[in-house]
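So the structure is just underneath, and the comments pick up after that.
The values are calculated or read from the model by the stated rules, or taken from the named source; none is laboratory data. Every value quoted in this text rests on a predicted model; they were computed, and no experiment measured them. Cβ placement follows ideal geometry from the backbone for every residue including glycine, while neighbour counts extend to all protein chains displayed. Please note that ligands, DNA and RNA were not included when accessible areas were found on the heavy atoms of the full protein model with its side chains. Shrake-Rupley method; radii C 1.70, N 1.55, O 1.52, S 1.80 Å.
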Amino acid sequence: IKYMFPKAHAAAYVINGFRVAWFKVYHPIYYYRVLFSIRKSDFDIETMIKGKDAVKELIREIEEKEKSEKKPKDEAVYDTLLVANEMQERGFYFAEISLELSDATMFKVTQDGKGLIPPFTTLPSLGEACARKIVEERAKKPFVSIDDLQSRGKVSQTLIDKMRAMGILSSL
C-alpha cells in the first residue's frame, strides 16, 4: 500500500512553520539563539565574531572555490555563515566567547538583547565533554589562572593556545 501523507501531519508542519516565522519576526534574537544552538553544528566562530564584512568575505571565498576543492565542512560552514550574515544584516552581532559567561553548548543572549554569546563548543576541536567540564568547574569557583583552567577544566595546550589567540583568556 502506498504511504499517504496524512492531513493532520501536514497541518502540524504548517502550524510549526507559523511558529518559527512568528519568532523570526517578533523575537529574532531568540530565533537565532535556538537555531545556532540546536540546528547548526559547523562554525567558523572567529569569522562570525569579526562581523558581517568578514562573514561576507568568507562566504565569497567558499563560493569561488571549485567544486572539486570544496570539502564537506566548507558546505556546512557555508550554510551557517549564510544565517549568520542574515542575522548581522538585521542589526544583531556575535559577542566574544567569554570564560565567565559562555555556556557549554547553547548560545546566550547578551544583556542588551542584540547579540549572542557563543558556547565553548563552537571552538574548533573543543568537545562537549570538555565544554561541560569548564562550565562545571567555573560554577564551583572562578578560574584564577590559565594553569587552573587547564588542570580543572581538562583543557589541552592546543585549546589554551587557541583561546589565548582569540582573547578568551585575557581576564586570567
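Of note:
- Condition check for Leu116: under 13 Å from the mean Cα position of the chain (by Cα) and part of a strand (DSSP E or B): yes
- Enumeration of residues in region 45-86 that are closer than 24 Å to His27 by Cα and open to solvent by less than 60 Å² (accessible area, probe 1.4 Å): Ile45, Met48, Ile49, Gly51, Val55, Thr80, Leu81, Val83, Ala84, Asn85
- Residue selected from region 100-137 under the condition open to solvent by 50 Å² or more (accessible area, probe 1.4 Å) and of a type in the set (D, E, K, R), by the criterion nearest to Val34 (Cα to Cα): Lys108
- Highlighted here are the helices (runs of 4 or more DSSP H) found entirely within region 1-56 that include at least 3 residues which are of a type in the set (Ser, Thr, Tyr): 28-34.
- Qualifying residue in region 87-99 (condition: free of Cβ contacts under 8 Å to residues at least 40 places away in the same chain, hydroxyl-bearing (Ser, Thr, Tyr) and open to solvent by 40 Å² or more (accessible area, probe 1.4 Å)): no
- Residues that are touching a residue at least 12 places away in the same chain (Cβ under 8 Å) and among the charged types (D, E, K, R), drawn from region 29-62: Arg33, Lys40, Asp42, Asp44, Glu46, Lys52, Lys56
- Within region 146-169, residues that are open to solvent by less than 10 Å² (accessible area, probe 1.4 Å) have Cβ atoms under 9 Å from residues that are of a type in the set (Asp, Glu) and in a helix (DSSP H, G or I) in these pairs: Leu149/Glu137; Gly153/Glu136; Gly153/Glu137, counting only partners at least 6 apart in sequence or on another chain.
- Filtered residue count, region 88-107, keeping only those that are within 12 Å of the chain's Cα centre (by Cα) and aliphatic (A, V, I, L, M): 4
Residues checked against (1) of a type in the set (S, T, N, Q); (2) outside any loop (DSSP other than H, G, I, E, B):
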| residue | (1), (2) |
| --- | --- |
| Lys67 | no, no |
| Lys70 | no, no |
| Glu75 | no, yes |
| Asp79 | no, yes |
| Leu82 | no, yes |
| Glu86 | no, yes |
| Glu96 | no, no |
| Ser102 | yes, no |
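- When region 37-60 is filtered for residues that are more than 20 Å from Gly167 (Cα to Cα), within 11 Å of the chain's Cα centre (by Cα) and β-branched (Val, Ile, Thr), only Ile38 remains.
- Residue match in region 5-22 (condition: modelled with pLDDT under 95, among the aromatic types (Phe, Trp, Tyr) and surrounded by 14 or more Cβ atoms within 10 Å (Cβ to Cβ)): no
- If the condition is being within 22 Å of Arg90 (Cβ to Cβ), of a type in the set (Ser, Thr, Tyr) and out of contact with any Lys or Arg (no Cβ under 8 Å at 6 or more places or on another chain), then region 1-46 contributes Tyr26, Tyr30, Tyr32, Ser37.
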